[in-house]
């Protein structure tokens with residue numbers, strides 16, 4: 001994937017297992033969000049070579065909708081604002097592909113992200129909600145969709161430390177409900193809750209493996225990254 | 001002869017009631033004598049129910065009806081007053097002239113449905129003069145239901161005076177069926193401590209033409225206002241928005257907010273105008289015209305919706 005003639009992602013080789021929580025760690029500008037958008041097939045992030053194999057099928061040529069119908073979805077770091085769209089209706093949209101959803105299931109999804117249903121169900125997604133509230137609603141919409149692969153772009157940003165535990169719990173719930181989770185994060189707590197982690201730098205996945213080891217490596221070895229001109233030397 | 005007239009009126013009542021229901025109205029309220037309501041088809045008053053605290057006078061004219069409605073001093077009308085205007089035939093003219101007064105300390109909500117289901121060559125004109133008295137309140141919602149032909153001219157014009165401490169909220173919505181030609185022209189004079197909120201929501205299709213002119217003069221100290229316009233136009237439709245707010249008094253606060261979504265070959269123009277001649281007044285504005293927000297579309301697509309369905313939901317949300 002390239003932009004303005006410059007390669008943004010290079011030689012990505014990433015495998016996410018069934019019901020696996022896989023963290024992507026890396027400095028700002030490493031290409032983590034670009035990887036997430038490319039996997040979802042967003043406009044302007046079309047992949048150029050190679051393949052994206054999902055459940056044995058190359059989905060790289062499919063549209064966003066087609067990928068979503070196969071069970072891939074994305075939660076944005078900065079969720080969209082939808083003027084006039086009620087939270088209730090937004091959460092129901094993702095469930096359409098699963099035969100719909102009951103009001104109680106929507107309420108339960110809100111409770112899982114620590115939002116009181118009676119307070120939020122009839123509010124607008126685009127209303128003057130805080131960043132944290134909008135992020136929780138975004139995550140609730142992932143719960144109601146029940147995807148096979150949930151790509152979460154920094155679900156921890158704008159979330160306080162106390163709420164972070166709930167985000168971690170939510171990610172585990174997604175896994176228990178049958179989803180694989182690819183989560184882009186800067187937080188050690190989320191990395192620690194992962195089954196596997198990969199370290200990205202300059203559009204390259206440097207290494208994948210044990211999340212704590214990868215996290216430690218990122219903290220201790222990646223800082224002197226030579227202004228991110230070249231990957232760090234692996235000792 | 002009298003019997004024939006009665007039957008004709010009865011049929012007309014049925015037709016306009018059916019159109020009212022199709023427009024989203026609850027026809028039962030028009031027949032509930034506990035609620036105030038007025039049903040006008042063309043130039044015929046088909047029914048009129050009053051209630052305590054409301055003085056309603058109506059006079060049929062050549063092409064419409066002259067209405068004078070007064071909410072008496074101190075009366076807070078507990079339930080909305082329902083108004084149903086319309087024309088069922090495919091051609092005709094309806095001119096509504098309205099003098100409305102909410103006397104001091106009164107409060108009322110008017111819900112108007114304007115139904116023109118078969119309009120091919122119809123003119124619907126409203127000319128209103130409204131006075132919201134001291135500490136009085138009027139909430140006025142006007143929802144239009146038009147058919148698919150677009151052969152209608154909608155020409156609502158109103159001048160509203162809000163006296164000290166009064167409040168006026170209006171929501172004009174024309175999102176069902178074809179707009180045809182709309183020329184919306186409202187002006188407001190807001191006195192001390194008054195509040196005014198004007199919302200317009202219009203969805204233009206095919207070769208619809210939409211002109212919206214809203215003007216608020218914040219004449220009194222601490223008067224506050226918002227003009228909020230939400231327009232969606234597609235195909236070859238055209239829209240022109242002018243939202244003017246003038247701050248003439250200390251601590252007057254106003255805001256003009258226009259958002260337009262265009263698709264296809266539609267053309268939109270939005271001009272928010274702010275004028276201030278008092279250094280302690282403040283009036284702000286924002287206007288945006290563009291396609292549907294890409295992130296919103298992609299978010300809904302990532303939940304499994306087709307692109308067209310995603311756009312439809314976003315546009316309907318904006319106009320909701």
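Here the stretch A:1-65 yields Rg over Rh of 0.95, to two decimals, using C-alpha coordinates and the Kirkwood radius.
Per-residue shielding of A:144-151, expressed as the average number of other chain Cβ atoms within 10 Å of the residue Cβ, stands at 1.
Find the all-direction average of the projected area of the Cα convex hull for the stretch B:26-179, expressing the result in square nanometres with one decimal place.
Working: hull surface 32.0 nm².
Answer in nm², one decimal: 8.0.
Taking every residue in A:38-48 and counting other chain Cβ atoms within 10 Å of its Cβ, the average works out to 2. Kirkwood Rh and Cα-based Rg: tell me the resulting Rg over Rh for chain A, rounded to two decimals. With Rg and the Kirkwood Rh in hand, the quotient comes to 0.97.
Over all residues in A:57-67, what is the mean tally of Cβ atoms on other chains that come within 10 Å of each residue's Cβ? Let's see the in-between values first.
Details: counts 0, 0, 0, 0, 0, 0, 3, 12, 11, 3, 3.
Per residue, the number of nearby Cβ atoms from other chains is 3 on average.
Helical runs (DSSP H, four residues minimum) scored at -39500 (n - 2.57) apiece and divided by the length of the protein assembly as shown put the mean residue ellipticity at 222 nm at -6500 deg cm²/dmol. Take every Cα pair under 8 Å whose residues are at least 6 apart in sequence, average their separation, divide by the length of the stretch A:96-180, and the relative contact order is 32 percent. Taking the longest Cα principal axis of chain A as reference, the axis of helix A:161-176 is set at about 90 degrees.
Across the stretch B:2-293, the relative contact order, built from alpha-carbon pairs under 8 Å that are at least six residues apart, equals 10 percent. Please determine, in degrees from 0 to 90 and to the nearest 10, the orientation of helix A:211-221 with respect to the longest principal axis defined by the Cα atoms of chain A, where the helix direction is its Cα long axis. It is inclined by approximately 50 degrees.
Scattering from the stretch A:1-111 was approximated by placing one identical point on each alpha carbon and applying the Debye formula without solvent; log10 I(q)/I(0) at 0.16 1/Å stands at -0.92. Shape summary of the protein assembly as shown, radius of gyration then Dmax from alpha carbon positions: 28.8, 105 Å. Based on C-alpha pairs under 8 angstrom that are at least 6 apart in sequence, the stretch B:106-235 has a relative contact order of 22 percent.
What's the ranking of A:168-181, B:300-313 by average number of surrounding C-beta atoms within 10 Å, highest first? Could the numbers behind the result be given before it?
Details: A:168-181: 18.4, B:300-313: 20.9.
Top to bottom by mean Cβ count within 10 Å: B:300-313, A:168-181.
Normalise the Cα radius of gyration of the stretch B:87-243 by 2.2 N^0.38 Å (N = residues in it) and let me know the number. Taking the Cα Rg and dividing by 2.2 N^0.38 Å, one obtains 1.06. Against chain A, whose longest principal axis comes from its Cα atoms, helix A:131-145 is set at around 80 degrees.
The tail of the calculated P(r) for the stretch A:78-146 beyond 16 Å holds 36 percent of all Cα-Cα pairs.
Beyond 25 Å, what percent of the Cα pairs of chain B remain? Mind dumping the intermediate values first?
Details: 27060 of 51040 pairs.
Within chain B, distances greater than 25 Å cover 53 percent of Cα pairs.
Only the coordinates and a few stated rules stand behind these numbers; no lab work does. Just so you know, these numbers come straight off a predicted model, no measurement behind them. A quick note on method: Cβ atoms are made from the backbone with ideal geometry, for glycine too, and the neighbour counts reach across all protein chains shown.
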